[in-house]
Amino acid sequence: MKKLQLILLFLFVSICANAQITISGIVRDTITRKPLADVNVILQNKNTTAIYGYAITDEEGKYSITCTTGADSLQILITGLNVRETRRIIFAKIQTFDIDAVSEALQIREVKVKADPIVRSSDTIDYFVNSFADQSDRTIGDVLGKMPGIDVAANGQISYNGKPINKFYIENLDMLEGRYGIATNNIQAKDISKVQVYENHQPAKVLQGVQHSDNAAINLTLKEDAKGAFNVVFQFGGGYKPLMWDAEAVAMYFARKFQIMSTYKTNNSGDDVSRELLSHTDDSQEFYNYSIVGISKPTTPSVPQSRYLNNNIHTFSFNTIQRISEDIDIKANAYYIHDSQKSIGNSITTYHLPTGILPVPEDVFAHTATDKFEASGEYLANTKTALIKNKLQVNGMWNKDYGISLTDNDDVSQHFKNPQFGIADEFTVIKVYNRLRLSFGSTNSYTKSTIKLNVQPLLYPFIFDNNSNFEGTLQEMNTSNFKSRTTVFTSRQHGRFDLGINGGYDLQIEKMASALTPVDNIQSYASADSLHNDIQWNQFKLFVSPYLRYSAGSLFSVNMNVPVSFLNQYANDKIIDVKNKRNKFIFEPSLQISYKLNINTSISAGASISNYNGSLYDTYSGYIMNNYRNIANNVGLLNDALNQYYNISLSYGNAIKSLFGSLSAIYFNNKNKLMQSINYMETLSQSTSQKMDNTYDGYILSGKISKRYDNIASTFGLFATYRKSFSDLLRQDVLMKYISDYINAGVNAYVRLGEYGSFDYSISLGWNTAKIKSSQDEFSPIRNITQTGTLNLFITKTFTFSIAGEYFYNSAITDGSRTILFADAFLVYKTKRIDYILEARNLTNEKAYHSASYSDISDYVYSYDLRPVSVLFKIRFSLR
């Protein structure tokens, strides 16, 4: 940790050693002496031609470039359509430097012009969709992954140079907030002109240039004929085996000031369309109570969901935004999901305990049914001098799950219900008066849930005085949670410094009542107080946070926060009549440094210390059945944890060379005062908290690089991650030191085969091992290989034939094959408005997926039933 702190200090000192300079002037015609407009002025390293900054002259021929450099001299390059290329060597100092340039008439001859696929303009990078799309692509989401620097995860989250984006715009309107999967999975690629990446994007205009952001945003720019054009896309499909349907309707309209997008989708073909409703940013958080109770389910395999998902799903979404004026938006969003899933699997979990090896076999069937609803309305005024935002959100969720588990020849049935309701409001005001900035924010939410878990037969007779006459166990729990956070912030700029102070409070009032009772077919019976909980949990935190920022434009910034908080906690366990109170001061400083080495390269580093002060679920003393395999209780003490986090990252994005990459290093250290102790009793377990210092720490190293070769219209990428962690575990009342290592590296490629087709390929190699230091028990390494490939053949401009394959290898499989191979085939015929799609899946007819992994002190081998070979035919119709 000290080494990393020294690295951050060295980085800060070395950055400050470089000088920030501003070079400005006027570009004039050598003969007429008139100013020249729209001329490119580029500031370069005189030896390497690396770009430090650039500007375009205005109507008066003026330019201004600010950069940070340690060089003693620089080169200025002048270019333009009607200007002869001119180079000058100048001293690297603050100065006014006027430039004389020679005007030249542009000589036009018959040429074929091919647009660059990627163009950078300051902090904006434009990806022109036509340069990356082929006729196998339907939606813009199909094209995004081919763009160097942009990654799309399996759950739909988009990252730029290794960091998740913070906004997703359509024609610069934020209609969908974090649920941008609705756009990427439904907007046709042919309707998008370009994908824009806004680097270091600060969504609040009033904070631009004041509060730095390391994250990027994405904006979709539509083609002219798609703007203001209403379109509806219908899809109908059916297939076998089993009897399948797949249908959807998507309506969309995108204009400059008004947008609307609505979807309805349903299928039982294994396509989890609810994923496009996931939120990937902080804009749309779901206010649900965390449930520590539920049924046991098979572990989902690490293969595409369409391979195994046995579903019946219906989703609906409605989204609209109206721009009232240039800076004021009103929007509304609503979502509904009905999802029924069935899963079958079996596993063998082997626990490496101080007392020996404990294998636990389990066969599991689960049927889950979820209904989920959310609606929100928002008003946003986002100007350069003020921001006003108010968002009201309501949501509800109803879970009804059923499961059967077979262990040691005993059937265990589980019935689970969990209705929830939540409401939240967020209000924010930020106002700037000259150099003074004021802000006020308040977020309030309330959630409520009711939980019931019925398990048969009776599995823990010892907690019911060894009375085995009962048929089962019923776990009931009622929770409510009110949260309120209010902040007031003020700051003032003094040159390049921004001094401020942030103050406010956090309030949480939470209640939990639970009862674990024996049942038979007729009724439930009373149980001891040790099987009940009735807890009132209050937490109030009053905080003051001085804030200091140093900024040299967009080139260099230092942000430092030094929050000091007073924490008051109160926990009342009414069953055992125990009250816990705590008052303490908390110090949680953070430092963030960002430095732009040149127009393509930036580096950032950060350090933070935070505290975890426990929750209601650290304090309950009565037994709670989390699932049929585990019961838990705690000692009723308040937790106290200190978390340290350090990071450093390098980002590179060269639009001219179509080369993008990133490197990052993370170190974390978490120290806790309470420790979770687990004791295993054959197939069952009992967990409780104990007062014992323990540590969890480790580091993560990662990097990726992607490059597009324009001459062959192909993109190649490399990625690698190394993670090592150390943790303290308490099992069978014995302290164990657990060490885990994980390495993953791979290659991905998109190759365009001229006009005849395209080929997508990726390979990922993984290596995972674990060790229990105290017993010198070292697990055998697990090696994984994953390969995926798709070959698209463009038979004609309207007819595409595709073959797709996936290969998985796991070295730890001992029962069954270590490898599995999937194969699919697709036929697509397109007319102007209608697509005909024929899909054949799992042509190798694989029955089950086998895998193995390590988790704390256990190795886990499991099998999951897959969908059979099937054929699905779909027709997709578009009004445009």
Note: LYS771 to ALA526 extended length (0.36 nm per residue) minus current alpha-carbon separation gives 83.7 nm
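May I ask you to derive the FRET efficiency for SER291 and ILE56 from their Cβ-Cβ distance with R0 = 56 Å, giving the value to the nearest 0.05? If you can, show how the numbers build up before the last one.
Details: r = 56 Å, r/R0 = 1.00.
Result of the calculation: an efficiency of 0.50.
Given charges of +1 on the Cβ of Lys and Arg and -1 on the Cβ of Asp and Glu, with all other atoms neutral, how large is the dipole of the chain about its Cα centre, in debye to the nearest 20?
Numbers: 86 positive and 83 negative charges, 548 e Å.
I would put it at about 2640 debye.
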Using 1/(1 + (r/R0)^6) with R0 = 30 angstrom and r between the beta carbons of ALA37 and LYS223, what's the FRET efficiency to the nearest 0.05? 0.55
In nm, the gap between the two label points placed 7 Å beyond Cα toward Cβ at GLN305 and GLU755 is 4.0
With each label point set 7 Å from Cα along the Cα-Cβ vector, what nm distance links ASP741 and THR601? 3.1
Percent antiparallel among DSSP beta bridges confined to the chain, nearest 5, equals 95
Between region 566-633 and region 688-747, how many Å separate their Cα centres? 22
How much of PHE877 can a 1.4 Å solvent probe reach, expressed as accessible area in Å² and rounded to 10? 70
Between VAL232 and THR450, what length comes free when the chain is fully extended (0.36 nm per residue of separation minus the Cα-Cα distance, one decimal in nm)? 74.4 nm
For volume of the Cα convex hull per residue in Å³, several values are listed as (i) 264; (ii) 321; (iii) 178; flag the one computed from this structure. (iii)
Place +1 on the Cβ of every Lys and Arg and -1 on the Cβ of every Asp and Glu in region 236-310, take the dipole about the Cα centre, and give the residue among TYR253, THR266, TYR240 whose Cα lies farthest towards its positive end. TYR240
Go ahead and estimate [θ] at 222 nm for the chain from helices alone: -39,500 (n - 2.57) per DSSP H run with n ≥ 4, summed, over the residue count, rounded to 500. -1000 deg cm²/dmol
The chain: angle of helix 2-17 to the longest principal axis, Cα-based, in degrees nearest 10: 20
Enumerate the aspartates and glutamates that LYS511 could reach by cross-link, defined here as Cα to Cα under 19 Å, with residues fewer than 8 away along the same chain left out. GLU476, ASP529, ASP534, ASP573, ASP577, ASP618
Measure of exposure for ASP401: accessible area at 1.4 Å probe, Å² rounded to 10, is 10
Cut-off under 12 Å on the C-alpha distance; same-chain residues fewer than 8 positions from LYS704 excluded. Which aspartates and glutamates are left, in chain and number order? ASP151
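Once you keep just the Cα pairs under 8 angstrom separated by 6 or more residues, what percentage relative contact order results for the chain? Present the calculation step by step, with values, prior to reporting the outcome.
Numbers: 2462 pairs, mean separation 73.3, N = 880.
Value for the chain: 8 percent.
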Cα-based Lys pair tally, region 535-675, threshold under 27 Å, eight or more apart or on separate chains: 15
I'd like the carbon and sulfur percentage of the solvent accessible area for the chain, probe radius 1.4 Å, heavy atoms only, ligands and nucleic acids excluded. 57
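How would GLU199, GLU846 rank on accessible area, largest to smallest, probe 1.4 Å?
Working: GLU199 30, GLU846 50 Å².
Largest accessible area first, the residues go GLU846, GLU199.
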Hits among lysines - C-alpha to C-alpha of LYS342 under 17 Å, sequence gap 8 or more where chains match: LYS241, LYS297, LYS400, LYS417, LYS847
Label-to-label distance, nm, for residues given as ASN572 and SER325 (7 Å Cα→Cβ offset): 5.0
Let me cross-check LYS448: its accessible surface, 1.4 Å probe, with only protein heavy atoms counted, in Å² to the nearest 10? 110
Quick check for you: with a 1.4 Å probe and neighbouring chains kept, what is the accessible area per residue of the chain, in Å²? 46
The pairs in LYS167/LYS331; LYS257/LYS389; LYS163/LYS265; LYS163/LYS205 lying past 23 Å Cα-Cα in this model are LYS163/LYS265
Once each part is reduced to its C-alpha centroid, what is the distance from region 384-437 to region 813-868 in angstrom? 32
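If R0 is 41 Å, what FRET efficiency do you get for GLN732 and ALA153 from their C-beta distance, rounded to 0.05?
Working: r = 38 Å, r/R0 = 0.93.
Approximately 0.60, to the nearest 0.05.
The values are calculated or read from the model by the stated rules, or taken from the named source; none is laboratory data. Keep in mind the model is a prediction, meaning the values are calculated, not measured. FYI the Cβ positions are ideal-geometry reconstructions off the backbone, even for glycines, and counts take in every protein chain you see. Remember, those area values only see protein heavy atoms, side chains included, never the ligands or the DNA or RNA. Shrake-Rupley method; radii C 1.70, N 1.55, O 1.52, S 1.80 Å.
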